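Undergrad: Pasting in a structure now, in structure tokens, and then I'll have a few things to ask.
A short reminder: the numbers here are calculations on the coordinates, not readings from a lab. From a predicted model like this one, the values you see are computed outputs, not experimental measurements. Methodologically, a virtual Cβ is constructed for each residue, glycine included, from the backbone with ideal geometry; neighbour enumeration extends over all protein chains shown.
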């Protein structure tokens with residue numbers, strides 16, 4: 001029931017990204033919102049591609065240790081985890097969608113990012129020359 005409650009109160013960034021991911025609109029991939037994976041809820045999950053997309057706001061800076069544990073758990077279940085800042089989803093939507101598409105196609109991120117556990121705090125990273133940032137962890 002918690003997943004249903006989370007789906008009823010999306011952030012602006014979640015609502016925007018869901019517009020593109022829902023109903024197989026995005027490269028015919030089926031995504032689910034607030035999908036339980038063990039004790040955690042993935043913001044978005046494509047089960048066929050084993051891809052989880054997490055959107056982070058400012059509160060995630062203080063919750064870095066929790067996020068790292070969560071990411072390791074989800075990766076331990078065979079998923080690749082992509083993390084994006086809410087602001088990037090809202091202001092750099094095409095760049096975020098491009099990164100998701102690359103991940104769905106199995107392509108690595110254009111600039112290598114730290115593996116889970118290597119960095120504890122999210123750091124701004126440039127994406128496609130746009131000055132945006134994302135966080136990604138790969139198994």
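Undergrad: Could we say that residue 75 is surrounded by fewer than 16 Cβ atoms within 10 Å (Cβ to Cβ) and part of a helix (DSSP H, G or I) here?
TA: In short, no.
Undergrad: Separate question: Just give me the residues in segment 21-30 being closer than 19 Å to residue 90 by Cα and either in contact with a strand residue (DSSP E or B) (Cβ under 7 Å, 6 or more places away or on another chain) or surrounded by 16 or more Cβ atoms within 10 Å (Cβ to Cβ) (or both), in sequence order.
TA: If the condition is that a residue be closer than 19 Å to residue 90 by Cα and either in contact with a strand residue (DSSP E or B) (Cβ under 7 Å, 6 or more places away or on another chain) or surrounded by 16 or more Cβ atoms within 10 Å (Cβ to Cβ) (or both), then 21, 26 are the ones that fit.
Undergrad: Here is a further query. Of everything in segment 31-56, what is surrounded by 22 or more Cβ atoms within 10 Å (Cβ to Cβ) and without any contact (Cβ under 8 Å) to a residue 24 or more places away in the chain? Give them in sequence order.
TA: 31
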